[in-house]
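Just so it is clear, none of the values below were taken in a lab; they were calculated from the coordinates. Bear in mind that the values here come from a model prediction, so they are computed numbers and not experimental data. So basically every Cβ, Gly included, is an ideal-geometry build from the backbone, and we count neighbours across all protein chains shown.
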C-alpha cells in the first residue's frame, strides 16, 4: 500500500509544468493549512475548523477581500486525514469574484528514525464570475477621463464574452516529511492547468491556470510543555517560498506561543523588492484560537494603501489522549 501511494504521487509530480499567474497566500498561513498544502489535512485527531478573513489595501479604491473556511480531521485506524475547504475572494469592488470548493485526502506513512511522511491530494471546483458592467475600456475614455453623456459613461464597442461565469476542475497535491522538531513540505497546485478564462477564441494557444509550487520549512522548539490547564509554550521559525510563472514570494519569520499568548513577525519579499512586514498577535483559549495580523506595506506603494488586515479563527475539538500520540511538530497549526 505504501509503495503504491508513493509511486502514484511520483507520477503526479512528473506532470508539473510552468505557468503565468499568481495565487492567494494568506499571511496567517498557519490558520489556513489546507490552502498551503493538502498534506496538512489531519492535523488533529478530532475535528478542526478554521476561518480567515483578509482585507488588502483598504486605503485604495475597491479593496481586495478574501475569505477562507476549512475542516480537517485525522483518522488513526486508516492512517488518513480528510479535509474540506471553501475560498472566496473578490477584487475591483466585486468586478471579478472567485469561488473554490475543495475536498482533500491525506495518507500518512511512518518512516524510519521517527520520521513520518504525509501525502495529500485535493480535488476542487473553481468558479470565476465577471461583472462586465463595471469594466472601463479605452474607447470610454478621453484625456480628461470617462466620457459622460447625461452623467453616465458612454457604452463601449468591446464585445462581451458569451458567459460571465467560468467553472473548472482544479487538482493539487503535496507532501510533508517531519519529525518532532522540524518539517519540510512541497505543494503543486493546478496540476491540470485548468482553463479559467472567459473568452473562447484562441484557446488552443493558452496554457490554462498556471501551476503554483511552494516549499515550506519549519522548526518547533518547545520550552514549556504546559499541563492540563495551560497550553505549551514554543517558538516556531518558518520559511515559505512560492513560485507561479514569473512571480516569486518569500515569507520568513517566527511564531511564538507563550502559553495562551500568541505573537508573530514575518517578512514578505519578492525577488525584486520587500513587500510587507507582517505583525500578528492573538490568544489560544483551547479549543478556540483567535489571531489578528497587520501587513505593513514597505514597497513603493507606501503606507497610503492602508496595509492589509487579517483575522483568523481556529477551533479544535481536542482529545488530549489522542493528540499526545501524534508525535509531530505542528503545534503551530493547532
Exercise for the section: Working carefully through the options 39, 47, find the one that is crowded, with 22+ Cβ neighbours inside 10 Å, in contact with a strand residue (DSSP E or B) (Cβ under 9 Å, 6 or more places away or on another chain) and farther than 17 Å from residue 276 by Cβ. Expected result: 39
Exercise for the section: Take the residues in the range 169-183 that are out of contact with any helix residue (DSSP H, G or I) (no Cβ under 9 Å at 6 or more places or on another chain) and part of a strand (DSSP E or B), then tell me which one is farthest from residue 107 (Cα to Cα). Expected result: 169
Exercise for the section: State yes or no: is residue 135 surrounded by fewer than 19 Cβ atoms within 10 Å (Cβ to Cβ) and over 22 Å from the mean Cα position of the chain (by Cα)? Expected result: yes
Fill in the blank from the handout: residue 97 passes all but one of the listed conditions (1) in contact with a strand residue (DSSP E or B) (Cβ under 8 Å, 6 or more places away or on another chain); (2) assigned to a helix (DSSP H, G or I); the exception is number (2)
Completion exercise
Taking the range 152-168 and keeping residues surrounded by 13 or more Cβ atoms within 10 Å (Cβ to Cβ) and assigned to a strand (DSSP E or B) leaves 153, 166, 167, 168
Exercise for the section: Identify all residues within the range 212-235 that are over 24 Å from the mean Cα position of the chain (by Cα) and not in a loop (DSSP other than H, G, I, E, B); write none if there are none. Expected result: 221, 222, 223, 224, 233
Problem - When residues of the range 184-198 are limited to those that are assigned to a strand (DSSP E or B) and out of contact with any helix residue (DSSP H, G or I) (no Cβ under 7 Å at 6 or more places or on another chain), the one nearest to residue 128 (Cα to Cα) - result: 189
Practice task
Please work out which one of (1) more than 19 Å from residue 196 (Cβ to Cβ); (2) outside any strand (DSSP E or B) is the condition residue 83 fails and give its number.
Solution key: (2)
Completion exercise
Within the range 236-293, restricting to residues that are part of a loop (DSSP other than H, G, I, E, B) and touching a residue at least 24 places away in the same chain (Cβ under 8 Å), the one that is nearest to the chain's Cα centre (by Cα) is 245
